[in-house]
Ligand code: SF4
């Protein structure tokens, strides 16, 4: 392990601290194979429970995001743009320069204990994945979940990480006292596509295993079928295979979301497309000619197909058979239709 404390008062360190909105930044690298090539910027954040900007269409108001950047490295990740705000690279830098808010659990606990806190729903996994590989080392989520449980504060979680199973008991305890919603993101089951477009994530089948395990422990889990990638994972047989696998895993709901390509993600995705599927570049330029979103007719078609399949495979209703107080919202509370303010976890 190598580390360098940047809280030395140098001009460079002060700039970094200001950039991350923190008092100090400690940069670490680890030699273990799983973290090779990854740099962690440990910070003590000033706040962690953040209000979603008023203009947002999200059905939740408060979020907790203990990390920035994500080693799951999904090519299409919407959160790439936010790395640019830190003056970090939105391509490989997003995958390998990870900001860790090491004091996240104590900040959550303090906020929930404050007189001004009204016990509102908190959504996690809305920007980057809180169960990405870094969580295996930093273990921030157990402290956060324990604080939520102790204050009986409702929350939801969206992830692609199998590491969530480590915290099964805490989730179960929280669900005894408050509303807990868990969703896992599985956009498709095609292994070849997965290896290139979501190279740092657990395989789709392993994510479905998470759904299965959570269900077996009485924690209902929905699946955010995101993203559905035009021309690569949207064929009728592909949609059917995915919904069938989601149903077999025991998911309580399935919510499709078509790929969106905002600035930051768009450039990175298109350069990937050029390398792996050059014959599709022109079709994408046409499909996304109006901006970040595929045309409404296309989104509606996918939604209708997935809903029909969900009916056929009898997924849902979302709260059917769930233990009391455990509910499965849309993905992290996200509505089915409309562009979501998510990183497409
Ligand atoms: S889409 Fe989610 S899991 Fe993938 S890189 Fe972005 S935050 Fe991580």
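The values are calculated or read from the model by the stated rules, or taken from the named source; none is laboratory data. Here the structure is a predicted model, which means the values were calculated and not measured. Here the Cβ positions follow ideal geometry from the backbone for every residue, glycine too, while neighbour counts run over all protein chains shown.
Check region 255-270 and report whether any residue there is in contact with a helix residue (DSSP H, G or I) (Cβ under 9 Å, 6 or more places away or on another chain), modelled with pLDDT of 95 or more and at positive phi.
no
Is there a residue in region 186-197 that is in a loop (DSSP other than H, G, I, E, B) and surrounded by fewer than 21 Cβ atoms within 10 Å (Cβ to Cβ)? So that I can check it myself, show each step before the final result.
So the first thing to find is which residues in region 186-197 are in a loop (DSSP other than H, G, I, E, B), and the list is 186-190.
Retained after the next criterion (residues that are surrounded by fewer than 21 Cβ atoms within 10 Å (Cβ to Cβ)): 189-190.
For region 186-197, residues in a loop (DSSP other than H, G, I, E, B) and surrounded by fewer than 21 Cβ atoms within 10 Å (Cβ to Cβ): present.
Could you check residue 179 against (1) touching a helix residue (DSSP H, G or I) at 6+ places or on another chain (Cβ under 7 Å); (2) more than 21 Å from residue 71 (Cα to Cα); (3) touching a residue at least 40 places away in the same chain (Cβ under 8 Å) and say which number it fails?
(1)
With the requirement that a residue be within 12 Å of the ligand (Cβ to nearest atom) and within 21 Å of residue 49 (Cα to Cα), what does region 61-79 give you? Show your work before the answer.
If we filter region 61-79 for residues that are within 12 Å of the ligand (Cβ to nearest atom), which is where we start, we get 65, 67-79.
Listed by number, the residues that qualify are 65, 67, 68, 69, 70, 78, 79.
Could you tell me which of the residues 95, 87 is over 21 Å from residue 52 (Cβ atoms), surrounded by fewer than 18 Cβ atoms within 10 Å (Cβ to Cβ) and either in contact (Cβ under 8 Å) with a residue 12 or more places away in the chain or within 15 Å of the ligand (Cβ to nearest atom) (or both)? It would help to see each step written out before you state the result.
Details: 95 fails: surrounded by fewer than 18 Cβ atoms within 10 Å (Cβ to Cβ).
The conditions single out 87.
Exactly one of these conditions fails for residue 310: (1) surrounded by 17 or more Cβ atoms within 10 Å (Cβ to Cβ); (2) away from the ligand (no atom under 16 Å from the Cβ); (3) at pLDDT below 95. Give me its number.
The one condition residue 310 does not meet is (3).
Taking region 149-163 as the search range and keeping residues that are more than 11 Å from the ligand (Cβ to nearest atom) and in contact with a helix residue (DSSP H, G or I) (Cβ under 6 Å, 6 or more places away or on another chain), which one is farthest from residue 186 (Cα to Cα)? If you could, list the steps in order and put the result at the bottom.
Pass one, region 149-163, residues more than 11 Å from the ligand (Cβ to nearest atom): 149-157, 162-163.
Those still in the list that are in contact with a helix residue (DSSP H, G or I) (Cβ under 6 Å, 6 or more places away or on another chain) too: 149, 151-153, 155-156, 162-163.
Numbers: 149: 27, 151: 31, 152: 29, 153: 27, 155: 21, 156: 17, 162: 12, 163: 15 Å.
Looking at the filtered set, the residue picked out is 151.
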